[in-house]
Amino acid sequence: MERRKHSRFECGGDARLSPVGAEPLTEWKAAVHDLSRQGISLAAERRFEPSSLLLVRWQPEGEADAQFLISRVARVTPQRNHRWLLGCVFLRKLTLDELARLMLAMRTNKRFTVRPSPPIVRKGSDEERAAQKGQIKRVIAALRSRN
C-alpha cells in the first residue's frame, strides 16, 4: 500500500549528488525520476545508505540558477545497469510556490518532461489531492503571467 501524502510528478533531468560533509567537488551523477513537495526520487550511479544526507544540485538547462535541495535517503532499491533508485525526503518540505517554479522550469525546457504519476493509493482524500493539484496549477499560471 502506498503511504505518500503528497502527489508525485514524474520528471526528467540530470542532477549531481554530494554527501553532506564530503570533500569539496565530490559528487555523483543522478537522473531525476519524480518530485513531490516532500521528496525526490533519483536514479544514481552510486549507492547511498538509508539516512544519508545528500545535497542535490539540479539545474535545468537554460536556467541561470541551480536548485540545491538537501534531502535524507529513505529507500534504496537496486536497478539495472548498476544503478540505484534513491527515495529521498527533503529536510524542509517545498512550498507550493517552490514546487510550481521547479515544474515550470522543467516544462519550459524541451529536455525535461513532466508526466502525471500512475494512479496509486495515497493518504488523504481524493478532494485533498485534487485541491493540491489545483493549487499547483494556479501557482504555475500566476508565475507564467508574471513572465
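Given the condition hydroxyl-bearing (Ser, Thr, Tyr), modelled with pLDDT of 85 or more and in contact with a strand residue (DSSP E or B) (Cβ under 9 Å, 6 or more places away or on another chain), answer yes or no: does some residue in segment 50-66 qualify? Quick ask: steps written out before the conclusion?
Here is the first cut: in segment 50-66, the residues hydroxyl-bearing (Ser, Thr, Tyr) are 51-52.
Okay, now just the ones that are also modelled with pLDDT of 85 or more, so 51-52.
Add one more test, that the residue is in contact with a strand residue (DSSP E or B) (Cβ under 9 Å, 6 or more places away or on another chain), and what stays is 51-52.
For segment 50-66, residues hydroxyl-bearing (Ser, Thr, Tyr), modelled with pLDDT of 85 or more and in contact with a strand residue (DSSP E or B) (Cβ under 9 Å, 6 or more places away or on another chain): present.
Which of the residues belonging to segment 8-25 are more than 18 Å from ARG72 (Cβ to Cβ), of a type outside the set (A, V, I, L, M, F, W, C) and assigned to a loop (DSSP other than H, G, I, E, B)?
To start, the set of residues in segment 8-25 that are more than 18 Å from ARG72 (Cβ to Cβ) comprises 9-14, 23-25.
Right, trim to of a type outside the set (A, V, I, L, M, F, W, C) and you get 10, 12-14, 23-24.
Of everything in segment 8-25, those that are more than 18 Å from ARG72 (Cβ to Cβ), of a type outside the set (A, V, I, L, M, F, W, C) and assigned to a loop (DSSP other than H, G, I, E, B) turn out to be GLY12, GLY13, GLU23, PRO24.
Annotation: of all residues in segment 16-38 being at pLDDT 90 or above and crowded, with 21+ Cβ neighbours inside 10 Å, the one that is nearest to VAL89 (Cα to Cα) is LEU17. Among residues of segment 35-57 being out of contact with any Phe, Trp or Tyr (no Cβ under 8 Å at 6 or more places or on another chain) and of a type in the set (Ser, Thr, Tyr), the one that is nearest to GLY87 (Cα to Cα) is SER41.
The values are calculated or read from the model by the stated rules, or taken from the named source; none is laboratory data. Note that the structure is predicted; figures quoted are calculated from it, not measured. Cβ: placed from backbone, ideal geometry, glycine included. Neighbour counts: every protein chain shown.
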